[in-house]
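Asks: If you scroll down you'll find the structure; I have some questions about it.
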Amino acid sequence: MSKAPFDAAPEGKLFHGAERRKLITMGVLILVVAGIFVYSQLQESGRADRELDQIAEPDDSAFQEQLVVPSFDANLLAGKILDAREGDRVLLQRETLDPLLEYTSSFNAAHFLALGMRALDAAAQAELSADSEAHRAQPFLARGWLDDLDQRIGAGGAREFHGRLRLEDESFCHFVVRALPDGLIVDDFVRIDGLFLKLFRSEGDEGWLEGPLLVGPQLLDSWPQPEVLDRDAIFVKLAQITDDTIDGGLTGLGGETFDAQWLLMNSLVREGDGEIDWEMAPELDDETLVGIMTQGAAWRGAPFRIPIARNMDLWTSAPGENPARVDKVTMGWIGSWTWVNNKSAVLHYVMPYDAEHLRGARLVSARGYFLKNFAYETRDGNLRVAPYFVLSHIEEFVPPVDNTIQYIGIGLTVLTLTIIALIYMGLRRDKKRAAAFQADMVRRRRARRERAQASEAD
């Protein structure tokens, strides 16, 4: 018996029911697999950082404090200071000296820097000589050999020290302070941060000596700058450094390490690191790092290229008076999970430049000199050893934009829309063909009825 026309499937139908279900299932599976891939990539990007955090964790986070500098009432000095004539410059009035002594009594270098301290060089001295009134209570820094010193009793019975410095350009500067370094003697090299009070004259062995008078809290030990750097002194200090070890012998960053660090940084500040062929310098990979950790003395002072690694911490600080005469140093930690044979997976560093702009950088590259293996304590209280470097350069590494995830997202969107469009088009085509098939059955039924009626009529 032949199959009834209305039981037959329409010819050319794009998707049957089973095929449609299969297509929808495949589309969903594709989307699920792609979503899992994207999720795994995102997880992988953070895995290395988490592992590094777990094995490193140096407990050296910088404490950020806000410096508050009180303002000075300029009316306390206005019109009261006499230094226009030479005879006036030998006078020191308590009513103008005491306010500055009291104002600066609790100051340190950071306070003077915040006020905009300048070096008392030839240009500054010329400005003061030309118009001293315009520069009252302005901050200046002077370094020189102690040429004269006198102890006096000031307001309220407090000790004061009045004296004179012979600066490196052979000019002179006078000072009044309340504190001195221990054991200070004439001809020691010192520094003063102070506020300009007046042009002052004092009598020396060769006659009257004139220069600005600075008022500050104290004199500080300092270091003169020789015209030519003594590189042999750097190597002598490097040879005296001893590496730290976990089982004892912790020497820290003082002593010879401190001296060598500053001698090296002074060399970098004055002459840079251009004499090193950095293309030929070894890269700090896992193998060389193991060599440093096991035989530090053999690598002492050696230059290294530090490849792209994670910026684990970075901060700047004012180091106080130092041989390199820098106002700020940058310190921090660099880590890499590729340093698998170094238990700490990090290195510690100091640099004689202000790199505050890199605080938020995620990846950095650098170059510098190995100083010693340094013991530090992690946040969980464990003692570990990491290399300590003096860096000459550090910069942020910005990886090229990776659009893989974006492209995958676009592909998934296009694929999803394509599957939806195909299903929609298939359903519309099935619907049209079903309607055409239904119309054809009606036409055939009508034709059969007409033929049957014609037969009966005959």
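The values are calculated or read from the model by the stated rules, or taken from the named source; none is laboratory data. Remember, it's a predicted structure, so these values are computed and weren't measured experimentally. FYI the Cβ positions are ideal-geometry reconstructions off the backbone, even for glycines, and counts take in every protein chain you see.
Asks: Taking region 333-373 as the search range and keeping residues that are basic (Lys, Arg) and closer than 25 Å to ILE234 by Cα, which one is surrounded by the most Cβ atoms within 10 Å (Cβ to Cβ)?
Replies: LYS372
Asks: Further question: Hey, among GLU279, GLU287, GLU283, GLU321, which residue is touching a strand residue (DSSP E or B) at 6+ places or on another chain (Cβ under 6 Å), assigned by TED's automatic domain parsing to the domain that holds LEU363 and exposed (fewer than 13 other Cβ atoms within 10 Å of the Cβ)?
Replies: Sole residue among the options that is touching a strand residue (DSSP E or B) at 6+ places or on another chain (Cβ under 6 Å), assigned by TED's automatic domain parsing to the domain that holds LEU363 and exposed (fewer than 13 other Cβ atoms within 10 Å of the Cβ): GLU283.
Asks: Kindly evaluate ASP121 against the criterion of being charged (D, E, K, R), buried (at least 17 other Cβ atoms within 10 Å of the Cβ) and at pLDDT 90 or above.
Replies: No, not satisfied.
Asks: With respect to ASP147, determine if the residue is charged (D, E, K, R), touching a Gly at 6+ places or on another chain (Cβ under 8 Å) and surrounded by fewer than 20 Cβ atoms within 10 Å (Cβ to Cβ).
Replies: Considered against the rule, which asks whether it is charged (D, E, K, R), touching a Gly at 6+ places or on another chain (Cβ under 8 Å) and surrounded by fewer than 20 Cβ atoms within 10 Å (Cβ to Cβ), ASP147 comes out as yes.
Asks: If the Cβ limit is 6 Å and pairs must be 6+ apart or interchain, which residue in region 303-314 that is surrounded by fewer than 21 Cβ atoms within 10 Å (Cβ to Cβ) pairs with which residue that is among the polar types (S, T, N, Q)?
Replies: ILE308/SER365
Asks: Tally the residues that are without any contact (Cβ under 8 Å) to a residue 24 or more places away in the chain and more than 25 Å from VAL326 (Cβ to Cβ), restricting the search to region 164-207.
Replies: 5
Asks: Follow-up. So, THR316, is that one assigned by TED's automatic domain parsing to the domain that holds ALA239, in contact with an Asp or Glu (Cβ under 6 Å, 6 or more places away or on another chain) and modelled with pLDDT under 95 or not?
Replies: yes
Asks: With the condition kept exactly as written, say whether any residue in region 138-146 is in contact (Cβ under 8 Å) with a residue 12 or more places away in the chain, closer than 16 Å to SER105 by Cα, among the small types (Gly, Ala, Ser) and touching a Leu at 6+ places or on another chain (Cβ under 6 Å).
Replies: Checked region 138-146: no residue is in contact (Cβ under 8 Å) with a residue 12 or more places away in the chain, closer than 16 Å to SER105 by Cα, among the small types (Gly, Ala, Ser) and touching a Leu at 6+ places or on another chain (Cβ under 6 Å).
Asks: Restricting to region 205-233, name every residue that is among the aromatic types (Phe, Trp, Tyr) and more than 16 Å from LEU149 (Cα to Cα).
Replies: Listed by number, the list holds a single entry, TRP223.
Asks: Can you tell me how many residues within region 379-393 are surrounded by fewer than 16 Cβ atoms within 10 Å (Cβ to Cβ) and either outside any strand (DSSP E or B) or touching a Lys or Arg at 6+ places or on another chain (Cβ under 6 Å) (or both)?
Replies: 4
Asks: Only one of LEU363, LEU383, LEU358 is within 27 Å of ARG325 (Cα to Cα) and assigned by TED's automatic domain parsing to the domain that holds PRO282. Can you tell me which?
Replies: Within the list LEU363, LEU383, LEU358, the selection yields LEU358.
Asks: Give region 282-296 a look and list any residue that's among the aliphatic types (A, V, I, L, M) and more than 24 Å from the chain's Cα centre (by Cα), or say none.
Replies: VAL290, ILE292, MET293
Asks: Output the number of the condition that GLY254 fails; it satisfies all remaining conditions of (1) within 30 Å of TRP299 (Cα to Cα); (2) in contact (Cβ under 8 Å) with a residue 60 or more places away in the chain; (3) surrounded by fewer than 18 Cβ atoms within 10 Å (Cβ to Cβ).
Replies: Only one criterion is unmet by GLY254, namely (2).
Let's see how each residue does on (1) among the aliphatic types (A, V, I, L, M); (2) over 38 Å from the mean Cα position of the chain (by Cα):
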{"position": "GLU133", "(1), (2)": "no, yes"}
{"position": "TRP145", "(1), (2)": "no, no"}
{"position": "LEU149", "(1), (2)": "yes, yes"}
{"position": "GLY156", "(1), (2)": "no, yes"}
{"position": "GLU160", "(1), (2)": "no, yes"}
{"position": "VAL177", "(1), (2)": "yes, no"}
{"position": "ASP188", "(1), (2)": "no, no"}
{"position": "GLY194", "(1), (2)": "no, no"}
{"position": "LEU199", "(1), (2)": "yes, yes"}
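For (1) assigned to a loop (DSSP other than H, G, I, E, B); (2) outside the structural domain of HIS111 (by TED's automatic domain parsing), each residue gets a yes or a no:
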| position | (1), (2) |
| --- | --- |
| VAL186 | yes, no |
| LEU199 | no, no |
| GLY211 | no, no |
| LEU238 | no, yes |
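Asks: Let me ask another. Does ALA302 qualify as being touching a Phe, Trp or Tyr at 6+ places or on another chain (Cβ under 7 Å) and not charged (D, E, K, R)?
Replies: yes
Asks: Tell me which residues, restricted to region 160-177, are touching a Phe, Trp or Tyr at 6+ places or on another chain (Cβ under 9 Å) and either surrounded by fewer than 18 Cβ atoms within 10 Å (Cβ to Cβ) or not assigned by TED's automatic domain parsing to the domain that holds ARG89 (or both).
Replies: Result: GLU168, single match.
Asks: Scan region 215-236 residue by residue and report those that are part of a strand (DSSP E or B) and aliphatic (A, V, I, L, M).
Replies: VAL215, LEU219, LEU220
Asks: Just checking, does region 348-358 include any residue being in contact with a helix residue (DSSP H, G or I) (Cβ under 6 Å, 6 or more places away or on another chain) and more than 29 Å from ARG231 (Cα to Cα)?
Replies: Looking for residues that are in contact with a helix residue (DSSP H, G or I) (Cβ under 6 Å, 6 or more places away or on another chain) and more than 29 Å from ARG231 (Cα to Cα), one finds none in region 348-358, hence no.
Asks: Take the residues in region 397-436 that are in contact (Cβ under 8 Å) with a residue 60 or more places away in the chain and charged (D, E, K, R), then tell me which one is farthest from ALA260 (Cα to Cα).
Replies: My answer is ARG433.
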